[in-house]
Amino acid sequence: MAETFEININENSRVPKYKQIVDSILNGIDGGEIKIGEKIPSINELSESCFLSRDTVEKAYKELRKRQIIESVKGKGYYISRINKNDSINIFFLINKPSTYKMMIYNYFVNAIGSKGNVEMYIYHCDETLFINSLKKNLGGFDYYVIMPHFRDEQSKHTSSTKEVIDIIEKIPKNKLLMLDNTKPDISGEYGSIFQDFENDIYNALKEGLDKIQKYEKIILVYPDKDIHPYPFRIARGFENFCRDYKLDYEILDEIYPDMELQDRDIFITIRERDLVNLVKQIRQKNLKLGEDIGIISYNETPLKELLGITVITTDFKAMGESAAYMILKNKKESVNNVFKFIQRDSL
């Protein structure tokens, strides 16, 4: 039993006493004072030693059981969880949206972790409050925290973080933190990250297809300025830099509108799936030939785009998921710019 470990109760604090018990146990786990599989005091024992009501301790233990931090063994008492789970690592995986490509990252990650870990996925839909609440409820309950920081501000535009977001991330021990897809450099300490450099990635990928792109007269980026799941503005900035450097006629639209004024030798870069679908429909309705009259490049690879022959500029989702698993399994704290590439198909 964790006999040397003490529950710290501050009588003058406004923090509820049951939560002080929860926090003390979580801190004990993080600090190595309480080990996985170790027995902790019973409700009655803790109630007596800390001069607390039995209801207060029971409420704390109920919260810890709900978060799968402790478990009870009939006739024996309470133990720190995972005593019979082959010592596999417990991973909290927090993503901003359930898109096809985010799920690809997750699936590649889970497959690479295999039987060595238990992965629990949470989705916060780019909502700061959901993100913060998800982490608050699960701090201390996992061995690793894999998070994708993408948020929607009050104007429905993309932001990488807020002060409140950074404050909650700072509470994660850095040896347990892995930032995925996007990264925030002003988080203190050393932690792992596998990220996209959105501005330079699109620039360099378009540069790979420059010979094909220059055959068109105008290049149009369909960048959703506002969205429930907004995209980093660095994508648009990288696009503009590319067009200016190579003296291309360009335009940025926020969506594919009905009855677009399509012109021969236009080339479009779409980000959202629905814009790609609407554009292809209009090209067919106007009897234009995809890849000759109108060109399309789509952002982010999916199996459907491969099937339809759509040219893409994309990060390597397989590499991101598998690299994240490798860093956790090998306990690495590297900062890696994920592979980003240009894949040419019939639409260009």
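Quick notes on this one:
- The relative contact order of the chain comes to 15 percent, based on Cα pairs under 8 Å that sit 6 or more residues apart.
- Under 5 Å from the amide H of Lys157 lies no amide H of any residue 5 or more positions distant or on a separate chain, with H modelled from the backbone and absent for Pro and chain starts.
- Distance from region 262-308 to region 10-74 (C-alpha centre basis), Å: 57 Å
- Taking amide H as placed 1.01 Å from N in the peptide plane, the amide H of Asn300 sits under 5 Å from that of Ile313, Thr314, Thr315, each at least 5 places away or on another chain.
- Using a simple spin-label model with pseudo-atoms 7 Å out from Cα toward Cβ, Lys76 and Asn337 lie 5.2 nm apart.
- Here r is the Cβ-Cβ distance between Asp167 and Gln214 and R0 is 56 Å; the resulting FRET efficiency, rounded to 0.05, is 0.75.
- The chain, accessible area per residue, ligands and nucleic acids excluded (1.4 Å, Å²): 50 Å²
- Extension gain, Asn241 back to Glu45 (0.36 nm per residue minus Cα-Cα distance, nm): 63.9 nm
- From most to least packed by mean Cβ count within 10 Å, the peptides 320-330, 108-118 give 320-330, 108-118.
- Each peptide among 290-300, 49-59 gets the average number of other Cβ atoms lying within 10 Å of its residues, and from highest to lowest they stand as 290-300, 49-59.
- Among Ser81, Ser13, Ser42, the largest mean-square fluctuation in a Gaussian network model of the chain (Cα springs under 10 Å) belongs to Ser13.
- Carbon/sulfur fraction of accessible area - region 197-313, other protein chains in place, 1.4 Å, %: 45 percent
- Taking every full run of DSSP H in the chain, the ones that stretch at least 15 Å from end to end by Cα along their long axis and average 0.5 or higher on the Kyte-Doolittle scale are 317-329.
- Legend: distances between Cα atoms for Lys226/Lys341; Lys97/Lys286; Lys157/Lys184; Lys305/Lys341; Lys215/Lys341; pairs beyond 23 Å are Lys226/Lys341; Lys97/Lys286.
- Point-charge dipole on Cβ atoms (K/R +1, D/E -1) for the chain, about Cα centre, debye to 20: 980 debye
- Lys, Arg +1 and Asp, Glu -1 on Cβ, resulting dipole of region 197-313 about Cα centre, debye, nearest 20: 200 debye
- Calculated FRET value between Ser160 and Asn287, using beta carbons and R₀ = 41 Å, to 0.05: 0.40
The values are calculated or read from the model by the stated rules, or taken from the named source; none is laboratory data. Because the structure is a prediction, the values reported are computed rather than measured. Here the Cβ is made from the backbone with ideal geometry for all residues, glycine too, and neighbour counts use every protein chain on show. SASA here: full protein model, heavy atoms, side chains in, ligands and nucleic acids out. Shrake-Rupley method; radii C 1.70, N 1.55, O 1.52, S 1.80 Å.
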